[in-house]
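J.: One structure is given below, represented as structure tokens, and several questions about it will come after.
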Amino acid sequence: MHHNNGTDSGIGEDRLLTVEEQRRLSLEFFAGWREADQTEFVQLLLARMSHHQHGQINSFLVPMMKRDFIGSLPDKGLDHVAELILSFLDAYSLCQAELVCKDWFRVIQDGFLWKKLIEQKVKTDSLWKGLSERRGWSHWLFRPLDPEDEKEPSFYREQYPRIISDISNMENNWRSGRHVLSRIQCRSEMSKGVYCLQYDDSKIVSGLRDNTIKIWKKENLECVKVLTGHTGSVLCLQYDETHIITGSSDSTVRVWDIETGEIVNKLIHHCEAVLHLRFQNQLMVTCSKDRTIAVWDMHSPFDITLRRVLVGHRAAVNVVDFDDKYIVSASGDRTIKVWKTETSEFVRTLHGHRRGIACLQYRDNLVVSGSSDNTIRWVVCLFMN
């Protein structure tokens, strides 16, 4: 009896371990295992549990799996990473992000993300850029003139819907025809007619039938400069910050100093009227009634040399456009031709119009052209790589 009692006493002592003590011992063993063994053990436990238990464990695991990485990054000194991530959001998403929690709101405010969003719009959208200059809030963007003039983040948050309202009003005015019409009288004693123009926020530059280029102040439409030198109508022009380049029915291309109005270069190549020209990135392309296209290297406004003459059209070449990949030309022969910009190699001819092509624009691998056949055609994607 005594022996049995001793045995029973030993068994009883093992069974007297509390659940808490058993759990503690299990966790100690568990903590000493490799990660793979721990995972396998948990899988075995889950396999022996009921569906109801699985549901309880799932409700416990789901919150653990959700991590507020935006809120935790600043605590680790990575504020700039959190700001960079949220900077990819559009306006609506940025509004929603502000409501997530105080940490997200603080990241958006401290990172001036509303300001950065407006700056991105101004850099990529000409309408936003024009509004920023016209309304005067461009002063607060990019680099403030004085750091002490920097606005609070709330200023940019409040500014954004005002800009959207401005844009909406402008679009409504265009649709409804509400506008203020201003006229510039370009008539001269000899003839009248405007063949080409370009403008920016301060001036309008026009090429006239009377052989002159006139520069008008946009603010009050006053003619501030008249450039003379062509002996034929000015049919095309383009300007940058320092120079104006024009093409004329006198067959010449001339380069003008935009400040002094003086001719700094005269290019003689085409044997008939120069109908259109485009220049960018030290390259210029001109086209003519003589059916040719001329490609020029622009080392400087004073040093422009002929690189190549492109021949192939069977009528006057009315318009050209180009980028770093392709030169696109349109002609009275009803065709559009494509050439490689770097090598001047002919690529292909695009057909479709039934009459001569009068205008064309090439941008982002899309060509849009207008013709005397009363159609706009060739809104095409060019897979010519």
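J.: Looking at K129 and the list (1) open to solvent by 60 Å² or more (accessible area, probe 1.4 Å); (2) touching a Pro at 6+ places or on another chain (Cβ under 6 Å), which single condition is not satisfied?
T.: All conditions pass for K129, except number (2).
J.: Between a residue in the range 73-91 that is farther than 11 Å from G111 by Cβ and any residue that is aromatic (F, W, Y), which pairs come within a Cβ distance under 8 Å, given they are 6 or more apart or on different chains?
T.: Note: pairs meeting the criteria are A91/Y160.
J.: For S188, which of the numbered conditions (1) more than 30 Å from R209 (Cβ to Cβ); (2) modelled with pLDDT under 80; (3) of a type in the set (S, T, Y) fails to hold?
T.: Here S188 clears every test but (1).
J.: Please specify each residue of the range 144-178 satisfying the condition of being at pLDDT below 80 and either in a helix (DSSP H, G or I) or within 20 Å of the chain's Cα centre (by Cα) (or both).
T.: Answer for the range 144-178, where residues must be at pLDDT below 80 and either in a helix (DSSP H, G or I) or within 20 Å of the chain's Cα centre (by Cα) (or both): P147, E148, D149.
J.: Which strands (runs of 3 or more DSSP E) sit wholly inside the range 179-228 and have at least 2 residues that are surrounded by 13 or more Cβ atoms within 10 Å (Cβ to Cβ) and under 33 Å from the mean Cα position of the chain (by Cα)?
T.: Values: elements: 194-199, 203-208, 213-217, 223-227.
Where strands (runs of 3 or more DSSP E) fall fully within the range 179-228 and carry at least 2 residues being surrounded by 13 or more Cβ atoms within 10 Å (Cβ to Cβ) and under 33 Å from the mean Cα position of the chain (by Cα), they are 194-199, 203-208, 213-217.
J.: Open to solvent by 50 Å² or more (accessible area, probe 1.4 Å) and within 25 Å of the chain's Cα centre (by Cα): which single residue out of D303, D324 fits that description? Spell out the reasoning first.
T.: On the way: D303 fails: within 25 Å of the chain's Cα centre (by Cα).
None of the other options fit; the residue is D324.
J.: Considering only residues of the range 80-120 that are buried (at least 16 other Cβ atoms within 10 Å of the Cβ), aromatic (F, W, Y) and not in a loop (DSSP other than H, G, I, E, B), which is modelled with the highest pLDDT?
T.: W114
J.: A further question follows. Can you pull out the residues in the range 29-79 that are closer than 30 Å to A97 by Cβ, assigned to a helix (DSSP H, G or I) and among the aliphatic types (A, V, I, L, M)? I'd like the intermediate steps shown before the answer.
T.: Keep residues of the range 29-79 that are closer than 30 Å to A97 by Cβ, which gives 58-79.
Those left that are additionally assigned to a helix (DSSP H, G or I): 58-65, 69-72, 74-76, 79.
Of everything in the range 29-79, those that are closer than 30 Å to A97 by Cβ, assigned to a helix (DSSP H, G or I) and among the aliphatic types (A, V, I, L, M) turn out to be L61, V62, M64, M65, I70.
J.: Give R377, R308 a once-over and let me know the one that is out of contact with any Phe, Trp or Tyr (no Cβ under 8 Å at 6 or more places or on another chain), part of a strand (DSSP E or B) and within 21 Å of V253 (Cβ to Cβ).
T.: On the way: R377 fails: within 21 Å of V253 (Cβ to Cβ).
Result: R308 is the single residue among R377, R308 that is out of contact with any Phe, Trp or Tyr (no Cβ under 8 Å at 6 or more places or on another chain), part of a strand (DSSP E or B) and within 21 Å of V253 (Cβ to Cβ).
J.: Looking at H243, H269, which one is open to solvent by 10 Å² or more (accessible area, probe 1.4 Å) and under 27 Å from the mean Cα position of the chain (by Cα)?
T.: Values: H269 fails: under 27 Å from the mean Cα position of the chain (by Cα).
Of H243, H269, the one residue that is open to solvent by 10 Å² or more (accessible area, probe 1.4 Å) and under 27 Å from the mean Cα position of the chain (by Cα) is H243.
J.: Kindly provide the set of residues from the range 234-282 that are closer than 13 Å to A294 by Cα and aromatic (F, W, Y), ordered by number.
T.: F279
J.: Here are some residues: R314, R363, R308. Which one is surrounded by fewer than 12 Cβ atoms within 10 Å (Cβ to Cβ), modelled with pLDDT of 95 or more and not small (G, A, S)? Spell out the reasoning first.
T.: Numbers: R363 fails: modelled with pLDDT of 95 or more; R308 fails: surrounded by fewer than 12 Cβ atoms within 10 Å (Cβ to Cβ).
Checking each option against the conditions leaves just R314.
J.: Looking at the range 340-356, which of its residues are hydrophobic (A, V, I, L, M, F, W, C) and modelled with pLDDT under 95?
T.: Here is the first cut: in the range 340-356, the residues hydrophobic (A, V, I, L, M, F, W, C) are 346-347, 350.
Passing the criteria: V347, L350.
J.: Being open to solvent by 40 Å² or more (accessible area, probe 1.4 Å), aliphatic (A, V, I, L, M) and either assigned to a strand (DSSP E or B) or modelled with pLDDT under 95 (or both) narrows it down to one residue among V368, V319; which is it? Break it down stepwise before answering.
T.: Working: V319 fails: open to solvent by 40 Å² or more (accessible area, probe 1.4 Å).
Step by step, each of V368, V319 is checked, and only V368 is open to solvent by 40 Å² or more (accessible area, probe 1.4 Å), aliphatic (A, V, I, L, M) and either assigned to a strand (DSSP E or B) or modelled with pLDDT under 95 (or both).
The values are calculated or read from the model by the stated rules, or taken from the named source; none is laboratory data. Remember, predicted model here, so these are calculated numbers, not experimental data. Neighbour counts run over all protein chains shown; Cβ positions are idealised from the backbone, glycine included. The accessibility values were calculated without ligands, DNA or RNA, using every heavy atom of the protein model including side chains. Shrake-Rupley method; radii C 1.70, N 1.55, O 1.52, S 1.80 Å.
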